[in-house]
């Protein structure tokens, strides 16, 4: 039985965070640059045409040619070429109180370095002003070993050269953390509303009538809406499967486990489910299974309402009947 | 070179948040509208190319799901660029130039509302020396704006006047997100967002999608819309490090404009992908557009700026205006990257 | 209408699990500089650059081509960034070829890369979204059921996959840039390696690699100036896409792949691909995909692809050698993998494949696929213009 998909008054949404600490190897030029920073030195590199690039690069951006092996100490002071006053710093900004991002041409350099300038007060910022670096107390070998720059009249900070020459910095860790509010759209919201009631709500293609579960908002074959809602059974047939014996990020199921592509009765596309309550040596294509739900008190807008699938006492379907869904 | 024309275009209105629909649900009616408007049967469209970026929605392969909106069955000749849709159009145009297709469907989509756009765009920066400083897109644009103010290339008043003009022009555009009558003095009385930029100097955060069909001459002439000819289509790139170039100039735009033949005839209007007010001045100069050329009659990105879509939308809005008979020859421009790093220039002519 | 185009320079980095000696910049420049050297060209000879890679979340930089382009001498030039999932390396080469075939450019540099060691591919490929439950364990978890479907349909002997893996791992020993080299590899070693995603064993799986591949594609005039090696003429290119999932989709033998190769052969004037193609580099990330793709590429009738492996047809001395380089099973910098297939095909017809050269190879196929077996890109290259 199908009916037009009811309009939903609410569209679900939830926070989604993308978070990873990337480890980046540096290569010879940036390794030299960051190793020097760790020791309180700012080094540029010379291009074949004699320009001094700060930050240094392996190549001359104007030509693509490799830069020379010649590093040049620049600064530490320099001139602000342009600046932007950040009156309300963002959560991830390098300084928590109002500050400036600035392009700073260090003495002896031919290009300007982007960094933060801390004057506390916008009226103290000006293009052409001279600034000098403030160094991190515990340098780690990275661009943020320079905490920021300050007006030069506040005094030049001298950095003690370390007693021992340490190993060059070979890599940096750059955490990337992006926050989103994710909303899956209309069709997925209807599906999740169904799951919250312990039901599998699929949708039928407007063109072919074939039933999609979970619905994704379109019949992908024909690029048309799936505007009729169809409740499909919690029983189905395994059309193919795998036994996973290797750990995977984001999956907490105990190893080894079986995931199966299951064709629910009444659907025309298979559905990935965990298969349990069955010895792994018995799992097979064609076996009949049913969904096992978590306790109804725990039902939420979530695929996790389905605990797993388990075998049922019905004869297997022959492969010829399910071949086209595999 | 084959003569190629824009034959149809559809776009969603730019809105602050399109939470009701996912990308597929947004695109599906637009693809239908553009394909039907082209007069070409869907199965006869020779190539499909889309433009989008995974980081807007925070999931790998966001574009793969978008194919669901096309109805790619039987299988289609298709490609995707991790770029604004304007560059998807470039790839499609190349395919037509090769003779591999006589028509192409181009689409792009972006739901900026899911994240914090200015910070997300900061992830485009050099991951070694720039990204760790967490400079956001507005701060970088502000550095560019200051450089021009210092050089006497524009004033804060001129910047505000650009915002006033764009918002007023957007009143005629039903798809605009931000439009209306504003006073320059009133805007200048607002506090800075990131000095020297005020809120009106920055684009709104927008969700949107756009779909276009282009075709070679023999196909284009059969469609219901008069062809809008792509007379020149070129793109170039500048250096990435903001401290390594003169931010008040756009040499890549100038090179692209020269190669596209912008100066080969009079220009009636231009749709420029200038998300920040001062960037309109830079682009006008780089494109060699005189003071008489009407800029962004649609309201431009200051009235609606769906990331990855806004560039393609400049071509689409230009085509719409030429179809409406407002002018004969236009320039459409798209940009990508911090401080106008990469630029595409397209010369369009109506019949 | 299309102009002739040819591969006139090829460069691959050394591939490894972690190329900690280089930055992303250094990695792509290593490939590009080797390609320029091979072509005996300078940066200034290049008209445009096309960059390809798989999801940006692998390296955590949004649209990294924006910061990388200038490392490829691209300032003032056009740059495109292609992304078509796992097939991207192939698609990128095809876009670069079309820039020449259209008559727009004379010499185009194209580079594709992945520096997977900066993150974890399994993480980046299965990012958990709200409301959903991640059950598919990475690419292996997705493709293993399809392999099982193929086994059920074809009745292929269970050791077919082991035989593919042994062949490719032996071939990799002849390839100086290959990542995973097991000098003592044997059938038993592969058979006894742990089962990861049943029926895929550890040694039937591709590694996770850092690396890049670069090609320089030139027009006829540029090809005629080609000095170090003869040009590899591009006879035909083709891309096809179908949706990831739809009702009754055949995921084991996807129509997009069948259509892609059929269209490719037609353009290249090939009527009997098994006979007319001398060797092929085919995207095989899990051993069983060799027999599956043999059928999908119309080299073998449905259900019979495994016989080619079993009878040794796909070995270096077989009648249609497959993955002479050791293939994706031995080297898999995802974004580059498709382009490596295309490059290795070109190396064969240029006669520069060294120890894994097929004598007298005149026509070779490069193949890549991606997504849920839904994106395909392919080319045919030859030692003479078509």
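Derivation of every value follows stated rules applied to the coordinates shown; laboratory data play no part. Treat the numbers as computed from the prediction; the structure is a model and nothing was measured. Counting neighbours? That spans all protein chains shown, and the Cβs are built from the backbone with ideal geometry, glycine included.
Let me have the relative contact order for the range A:27-169, percent, based on Cα pairs under 8 Å that are six or more residues apart. Provide the component values of the computation, followed by the final result.
Numbers: 310 pairs, mean separation 34.3, N = 143.
Reported relative contact order: 24 percent.
Counting other C-beta atoms within 10 Å, which of A:21, C:210 has the fewest, and how do the rest follow?
Working: A:21 12, C:210 26.
If I rank by nearby Cβ atoms, fewest first, I get A:21, C:210.
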Task: C-alpha center-to-center spacing [the range A:210-240, the range B:298-314] in angstrom - done: 35
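Relative to the compact globular guide of 2.2 N^0.38 Å, what is the alpha carbon radius of gyration of chain C, as a ratio? Mind showing how you got there, number by number?
Working: Rg = 19.3 Å, N = 386, 2.2 N^0.38 = 21.2 Å.
Scaled against compact globular proteins, the figure is 0.91.
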Open item on the list: I need the shape label for the protein assembly as shown. Rule: rounded when a/c is under 1.5, else prolate if a/b > b/c, else oblate, with a, b, c from the alpha carbon gyration tensor.
Closed with: rounded
- [ ] Work out the mean other chain Cβ neighbour count within 10 Å for the residues of A:132-145 and drop it here as an integer.
- [x] 1
Task: Inter-part distance where the range A:279-295 and the range C:1-78 are each reduced to a Cα centre, Å - done: 49
Open item on the list: For q values of 0.07, 0.08, 0.09 Å⁻¹, compute log₁₀ I(q)/I(0) with the Debye formula on a Cα-only model of chain B, without solvent.
Closed with: -0.26, -0.34, -0.44
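Counting only DSSP beta bridges with both residues in chain C, what percent are antiparallel, rounded to the nearest 5? If you can, show how the numbers build up before the last one.
Details: 38 of 52 bridges.
Close to 75 percent.
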Task: Choice from B:212, B:65, B:159 with maximal GNM fluctuation in chain B (Cα, 10 Å cutoff) - done: B:65
Open item on the list: Please state the shape class of the range B:170-292: rounded when a/c is under 1.5, otherwise prolate if a/b exceeds b/c and oblate if not, all from the C-alpha gyration tensor.
Closed with: oblate
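If you rank B:280, A:277, C:242, A:160 by fewest surrounding Cβ atoms within 10 Å, what's the result? Intermediate values should be presented prior to the final figure.
Numbers: B:280 27, A:277 10, C:242 30, A:160 7.
Ranked by crowding around the Cβ, least crowded first: A:160, A:277, B:280, C:242.
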TODO: Take chain C, connect every pair of alpha-carbon atoms lying under 10 Å apart with a spring to form a Gaussian network, then pick out the residue of C:70, C:311, C:276 with the largest mean-square fluctuation.
DONE: C:311
Task: Nearest 10 degrees, 0 to 90: helix B:277-287 Cα axis against chain B principal axis - done: 60
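Tell me what chain B gives for mean residue ellipticity at 222 nm when only DSSP H runs of n ≥ 4 count, each as -39,500 (n - 2.57), the sum divided by the residue total, rounded to 500 deg cm²/dmol. Write down the numbers at each step before the final one.
Numbers: 12 runs with 116 residues, N = 351.
My calculation for chain B gives -9500 deg cm²/dmol from helical runs alone.
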Task: Crossing angle, helix A:186-196 versus chain A [Cα axis fit, 0-90 degrees, rounded to tens] - done: 60
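Helix-only mean residue ellipticity at 222 nm, chain C, DSSP H runs n ≥ 4 weighted -39,500 (n - 2.57), per residue, nearest 500. What is it? The partial results should precede the final answer.
On the way: 14 runs with 132 residues, N = 386.
The per-residue figure over chain C is -10000 deg cm²/dmol.
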TODO: For n ≥ 4 DSSP H runs only, could you compute -39500 (n - 2.57) per run for chain A, divide by its residues and tell me the 222 nm figure to the nearest 500?
DONE: -2500 deg cm²/dmol
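Provide the percentage of antiparallel DSSP beta bridges, counting only those with both residues in the protein assembly as shown; round to the nearest 5.
Counting DSSP beta bridges with both partners in the protein assembly as shown, the antiparallel share is about 85 percent.
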Open item on the list: Out of all DSSP beta bridges in chain B, what portion is antiparallel? Express it as a percent rounded to 5.
Closed with: 70
- [ ] Quick one: angle between helix B:156-169 and the longest Cα principal axis of chain B, in degrees between 0 and 90, rounded to 10, please.
- [x] 30
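Apply the a/c threshold of 1.5 to the C-alpha gyration tensor of the range C:189-291 and tell me whether it is rounded, prolate or oblate.
Working: a/c = 2.26, a/b = 1.45, b/c = 1.56.
Judged from the Cα gyration tensor, the range C:189-291 comes out oblate (a/c at least 1.5, b/c at or above a/b).
What ranking do A:195, C:72, A:124, C:258 get, fewest neighbouring Cβ atoms within 10 angstrom at the top? Before the final figure, lay out each step's value.
Numbers: A:195 22, C:72 28, A:124 13, C:258 19.
Ranked by crowding around the Cβ, least crowded first: A:124, C:258, A:195, C:72.
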Task: Simple label model, 7 Å out from Cα along Cβ direction - residue A:90 to residue B:150, nm - done: 2.3
Task: D (Stokes-Einstein, µm²/s), Kirkwood Cα radius, the range A:27-169, 1.002 mPa s at 20 °C - done: 136
TODO: Mind jotting down the distance between the C-alpha centroids of the range B:167-210 and the range A:103-170, whole Å?
DONE: 36
